[in-house]
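What follows is one structure encoded as structure tokens, with my remarks underneath.
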Amino acid sequence: MSDTGILIIFIAVVFLFVAGMWLFTFLFGPKNRTRIKSQPFECGMEPIGPNRVRFSVQYYVYAIMLVIFDIEVVFLVPLALIFRDNSVLVYAVISIFLLTALFGYIYVYKRRGFEFEE
Amino acid sequence: MSDLNERVQEITVNMGPSHPAMHGTIRLLITLVGEKVVRCDTQIGYLHRAFEKMSEANKWQAIFPYTDRLNYVSPLMNNVGYAQAVEKLIGIDIPERTKYIRVLLCELSRIADHLTCIAAASMELGAFTVFLYCMEGRDLIWDRIEELTGARVTPAYIRIGGLARDLPEGFLDRTLSILPRIEKVIGDVDALLTENPIFIERMRGTGVISQADAIEIGFTGPCLRSTGIKHDLRKKSPYLVYDRLEFDIPVGSNGDNYDRYMVRMEEMRQSIRIIRQVVRDMPGGKISIDNTMYILPPKEVVYNTIEGVVNHFKLIIDGIQVPAGEVYDATEAANGELGFYLVSDGGGKPVKCRVRSPSFALMQGLEKMVVGGSLADIIPTFGSINMIGGECDR
Amino acid sequence: MTISEDEVKKVRERFESDIISSYQDKDMVVFILKKEALLRFVQFIKEDPDIKMEQVTDITAVDWYQKRDVRFEVVYHFYSYTKNHRIRVKVPVEEQDPKVPSITGLFSGANWFERECWDMYGIVFVNHPDLRRILLYPEFVGHPLRKDYPIDKRQPLVKLIKPEERRERP
Amino acid sequence: MSIREGDSNLRSNMGEEELLKDVVITSRLDESISFFEKVLNWSRKYSLFQYPFATACCAMEYMTTMGPRYDLGRFGAEVPRFSPRQSDLLWVVGTISHKLAPVLVRVYEQMCEPKWVISYGVCASSGGFYNNYATVQGIDSIIPVDVYIPGCPPRPEQVLDALILLQEKIDRSKAEWRFSKKYDNK
């Protein structure tokens, strides 16, 4: 089996698995949409007030920073696995990558993005 | 960043009755700005089962099963508190052995109460292992209570003027044998939680209450001792045989959740110490007063003599004739001062049987402890108050 | 556990006209007081250095329905941590105008106890911060702990299914 | 509670001829349980996600039932899901007061369809000895209930037995699936 054959099988299995799961839940779950069931669950009480409310922007900033530094780590792991022969090239690539991330870190630190105001 | 925060709107969150951390019976209407709590309207009453109305409809000795279900984590303490108040109203004195047995049962229930509080509080912070250890520890205690009284959670074992029955054979040695195992459970919980950085981060400095606020709101029990006030009714106004036992009162320093946790852990060790002393010098003798005006005559008298039958019948039908008057008697229950205010007009049923429950006063202070903190701090604060629905809503 | 004789004398001659009677109960001194003097009395026992009541332990009411001419009696228990003694203050309240001044100004701990007393007995605590029902739901009509309220008069919020219909569910 | 051996109406206790005796040979489609539905019932009965609606003293006994000694996890019903959306077994544990009744009805309404209710303890089943103005006299007056557990509080063994009874009830009942029943979506 050539490489592409295995890839196709893999994709087919994934697709079948997902389609099967969806089909099962669609077939076996009886649907009974009532008014109360469609309301949000608030510990057994009627929901109070709008839930679309303007909250502080620092949560948004926090989320963005998480994405940046998380993806950065995600890239490092395969890099370390593939380049096992620790040649200079590997270190060069990694250091360039980390340096750019470091600049971002310093910028956010200077703009006090990390302080979380209560 | 501060200039970005003006136009933040408040959101009202409903931490309602059916919430895993709210023990099913408390509704907090919390107003948040971002994650900071601005207002917290505590609503109770979801487990109001009309204890007073039922006690006015029942006879004096028939109220014991209702007192079991006040603080259902340490039911024997409510029984002892109620029985002691009625005995004070009538003016009878119970034999020595009964006093020692009552203290033994109170301290066993106190350990079970603190174990349950720590189990629930730590489970809500994610430490499920501590929950399982504490449940195992509590089962050991409930085995002894079940062996003695027949029921695990609702014993109804204390009677006015004595006890339902005497200790079975070898009960005291079996009680002594479980103490090291409970100490091991407390040691495990201690090792798991006390120096755990996450636990300290969540508990230290959250839910703080000052001494002045604590006294004025009516805090009693571990929550008051955690603010640094050395107040315990077992020492301040000793009842039963607490004046003959030596134990000391653990006191916290800055009234936050961590201190409440440490006070409860230390109190469990003191209770074990008390139990050892009680078992060591437990006197012999009978367990009930023999004035059958107030207590049911023994079974052989009832079955063999006509007076016994009449006496038994009269007590059951008309209830114990408590002389007119009123009394307020407070005992140190697991959560604080449990007071019974009884008013009698000489009949078989109380005119009023009021329970001053510690959880009711503690819940008043929840707003003061929670406002200003973040939303996540409500869970450990509420957990460490150890509010019990039956006792708070009666 | 009881306050000493001279303190009782001091209180008595200070509130001569307002105290209906005061006596030594089993372990506590009891003062029966007129409604009007309650605030001044509580202010006095809070600030007086000898008595120095620091905590209101409990506020409740007793309903002497058809047993006394004055039907209600609001009962306060005070406790002092430093002196370790307690007193009980009883305030008779007629049925026609069940009003008592609220002491939440002096003791913030009295807030919920007064709300419960209003919820259960219908005794209004004048200028209490927010006098709402605490144990029962707002739609509840009447005050259940009064002796003339029947014990099983239920006011359900949810439509109850009749017993015979319950069995049909498959 | 039924004693396991002596209980005659349990399928596992029946002899060969008895099993066939009460099998209704039905020609009507909607009464018979097809093999496909038996598989569905079997999968549902051993993976019950529970919603512990715990209020009063029975909650203490419920904690020990979930605890290490009387482990509820042995019967496939151990995972407590605290949202009605992800749970299909509602444990009503303890006294339900009239103030809490609307909350219970709402939680029951918001649970997804193949749902069962166990009323845990006498207070939930019939109001217990709180026959007064504050307590609902039995939750079957507000929501349909499948299994009642007597006892105040019931011993953990009773609770496990009730769970097995519910599993047998699921086994015997017709399985609901997407087109099995027309719901009038009110």
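Read-outs throughout are calculated quantities, based only on the coordinates presented, and are distinct from any laboratory measurement. Note that the structure is a prediction, hence the values are computed from the model and not measured. Don't worry about glycine lacking a Cβ; one is built from the backbone with ideal geometry, like all the others, and counts go over all protein chains shown.
What's the average, rounded to a whole number, of partner chain beta-carbon atoms within 10 Å of each residue's beta-carbon in B:67-73? Mind dumping the intermediate values first?
Working: counts 0, 2, 10, 1, 1, 8, 4.
The shielding value for this peptide is 4.
In the neighborhood of C:P138, defined by Cβ-to-Cβ distances under 12 Å, what is the net charge if each Lys or Arg adds +1 and each Asp or Glu adds -1? Kindly include the intermediate steps, with their values, before the conclusion.
Details: positive: C:R132, C:R133, D:K99; negative: C:D119, C:E139.
Neighbour charge sum, excluding C:P138 itself: +1.
Using the count of nearby Cβ atoms within 10 Å as a rough guide to exposure, how do B:E107, A:E115, D:E176, B:E10 rank from fewest to most?
Lowest count first: A:E115, B:E10, D:E176, B:E107.
Can you give the Rg/Rh ratio of chain C, where Rg is from the C-alpha atoms and Rh is the Kirkwood radius?
Values: Rg = 19.9 Å, Rh = 17.9 Å.
Rounded to two decimals, Rg/Rh equals 1.11.
Is the shape of the range B:93-228 rounded, prolate or oblate, going by the alpha carbon gyration tensor and its root eigenvalues a ≥ b ≥ c, with a/c under 1.5 for rounded and a/b larger than b/c for prolate? Walk me through the numbers on the way to the answer.
Numbers: a/c = 2.73, a/b = 1.49, b/c = 1.84.
Oblate.
Ranking request for peptides D:74-80, B:217-223, A:108-114, B:339-345: highest mean number of other beta-carbon atoms within 10 Å first, then the rest in descending order. Could you put the intermediate results ahead of the total?
Numbers: D:74-80: 15.0, B:217-223: 28.3, A:108-114: 12.1, B:339-345: 21.9.
Packing proxy ranking, top to bottom: B:217-223, B:339-345, D:74-80, A:108-114.
Across the residues of D:139-146, average count of Cβ atoms on other protein chains within 10 Å? Write out the running numbers ahead of the final one.
On the way: counts 0, 6, 9, 6, 4, 7, 2, 1.
Counting other chains' Cβ atoms within 10 Å and averaging over D:139-146 gives 4.
Take the Cβ-Cβ distance between D:I33 and A:S2 as r, set R0 to 45 Å, and report the resulting FRET efficiency rounded to the nearest 0.05. Write out the running numbers ahead of the final one.
Details: r = 49 Å, r/R0 = 1.09.
That pair, D:I33 with A:S2, gives E of 0.40.
How long are the three semi-axes of the equivalent ellipsoid of chain A, in whole Å, if each is the root of 5 times an eigenvalue of the C-alpha gyration tensor, listed from largest down?
Computed over chain A, the values are 41, 34, 8 Å.
Using alpha carbons only, how many degrees (0 to 90, rounded to 10) separate the axis of helix B:75-90 from the longest principal axis of chain B?
Orientation of helix B:75-90: about 50 degrees from the principal axis.
Amide H to amide H under 5 Å from B:R159: which residues, 5+ apart in sequence or cross-chain, H placed 1.01 Å off N in plane?
B:A164
Which order do the peptides B:245-251, A:44-50, B:28-34 take when ranked by the mean count of other beta-carbon atoms within 10 Å per residue, highest first? Before the final figure, lay out the partial values.
Values: B:245-251: 16.3, A:44-50: 14.3, B:28-34: 18.9.
Order by mean packing, descending: B:28-34, B:245-251, A:44-50.
Evaluate the Kirkwood expression for the hydrodynamic radius of the range B:1-111, namely the inverse of the mean inverse distance over all pairs of different C-alpha atoms, and round to one decimal in Å. Mind showing how you got there, number by number?
Working: mean 1/r = 0.0556 Å⁻¹.
The answer is 18.0 Å.
Mind jotting down the three principal axis lengths of the protein assembly as shown based on Cα atoms? Whole angstrom, largest first.
104, 84, 59
Looking only at other chains, what is the average number of their beta-carbon atoms within 10 angstrom of each beta-carbon in C:2-14?
Values: counts 0, 0, 0, 0, 0, 0, 0, 0, 0, 0, 0, 0, 0.
Partner Cβ neighbours, averaged per residue: 0.
How much of the pair distance distribution for the range B:63-114 lies past 18 Å, counting alpha-carbon pairs only, in percent? Walk me through the intermediate numbers first.
Working: 429 of 1326 pairs.
Pairs farther apart than 18 Å: 32 percent.
Rounded if a/c is under 1.5, else prolate if a/b beats b/c, else oblate: with a ≥ b ≥ c from the C-alpha gyration tensor eigenvalues square-rooted, which is the range B:50-144?
Details: a/c = 3.45, a/b = 1.75, b/c = 1.96.
It comes out oblate by the Cα gyration axes.
Report the full-extension gain for the segment A:L102 to A:N32: residue separation times 0.36 nm, less the Cα-Cα distance, to one decimal in nm.
Details: separation 70, 0.36 × 70 = 25.20 nm, distance 5.32 nm.
Gain on extension, A:L102 to A:N32, equals 19.9 nm.
Check the straight Cα-Cα distances from A:K31 and name the aspartates and glutamates below 16 Å, setting aside those fewer than 8 residues away within the same chain.
A:K31 reaches D:D88, D:E109, D:E113, D:E176, D:D184.
Which number comes out as Rg/Rh for the range D:49-172 once both Rg and the Kirkwood Rh are worked out on C-alpha atoms? Could you put the intermediate results ahead of the total?
Values: Rg = 13.3 Å, Rh = 14.3 Å.
Checking Rg against Rh, the ratio lands at 0.94.
Binning at 10 angstrom from zero up to the longest distance, how are the C-alpha pair distances of chain B distributed in percent?
That works out to 5, 22, 31, 24, 12, 5, 2, 0, 0, in percent per bin.
Give a residue-ordered list of calculated ³J(HN,Hα) values for the range A:95-105 (Karplus: 6.51 cos²θ - 1.76 cosθ + 1.60, θ = phi - 60°; whole Hz; x for Gly, Pro).
5, 4, 4, 5, 4, 4, 5, 5, 4, x, 4
Once label points are set 7 Å from the Cα along Cα→Cβ at both A:V18 and D:C112, what is their separation, rounded to one decimal in nm?
1.9 nm
Helix-only estimate, please: 222 nm mean residue ellipticity of chain C, summing -39500 (n - 2.57) across DSSP H runs of length 4 or more and dividing by its residues, to the nearest 500.
On the way: 4 runs with 36 residues, N = 170.
It lands at -6000 deg cm²/dmol.
Quick check: residue separation of A:T25 and A:I68 times 0.36 nm, minus the Cα distance between them. What number comes out in nm?
Numbers: separation 43, 0.36 × 43 = 15.48 nm, distance 3.56 nm.
Full extension of this stretch gives 11.9 nm more.
How far is helix C:38-47 tilted, in degrees, relative to the longest principal axis of the Cα atoms in chain C, given as a value from 0 to 90 rounded to the nearest 10?
Roughly 60 degrees, rounded to the nearest 10.
Rounded, prolate or oblate for the range B:186-235? Axes are the square roots of the Cα gyration tensor eigenvalues, ordered a ≥ b ≥ c, and the cut-off for rounded is a/c under 1.5. Please report the intermediate quantities before stating the final value.
Working: a/c = 3.96, a/b = 1.63, b/c = 2.43.
Oblate is the answer for the range B:186-235, as a/c is 1.5 or above yet b/c matches or exceeds a/b.
So what's the angle, to the nearest 10 degrees on a 0 to 90 scale, between helix B:306-318 and the longest Cα principal axis of chain B?
So the inclination is approximately 30 degrees.
Please order B:M77, D:M60, D:M66 by the number of other Cβ within 10 Å, starting at the fewest.
Working: B:M77 28, D:M60 24, D:M66 21.
Ascending number of Cβ neighbours within 10 Å: D:M66, D:M60, B:M77.
Using amide H atoms built in the peptide plane, which far-off residues or other-chain residues are under 5 Å from B:V13 H to H?
It is B:I30, B:T31, B:L32, by chain and number.
Show the residues, 5+ positions off or on another chain, whose built amide H is closer than 5 Å to the amide H of C:I161.
Answer set, sorted by chain and number: D:I142.
Highest first, please rank the peptides C:62-71, D:163-172 by the mean number of other Cβ atoms sitting within 10 Å of their residues. Don't skip to the end; give the middle numbers.
Numbers: C:62-71: 14.8, D:163-172: 17.3.
Result, highest mean first: D:163-172, C:62-71.
Among D:E61, B:E300, which comes first, second and so on when ranked by fewest other beta-carbon atoms within 10 Å? Mind showing how you got there, number by number?
Details: D:E61 27, B:E300 9.
Ascending Cβ contact count within 10 Å gives the list B:E300, D:E61.
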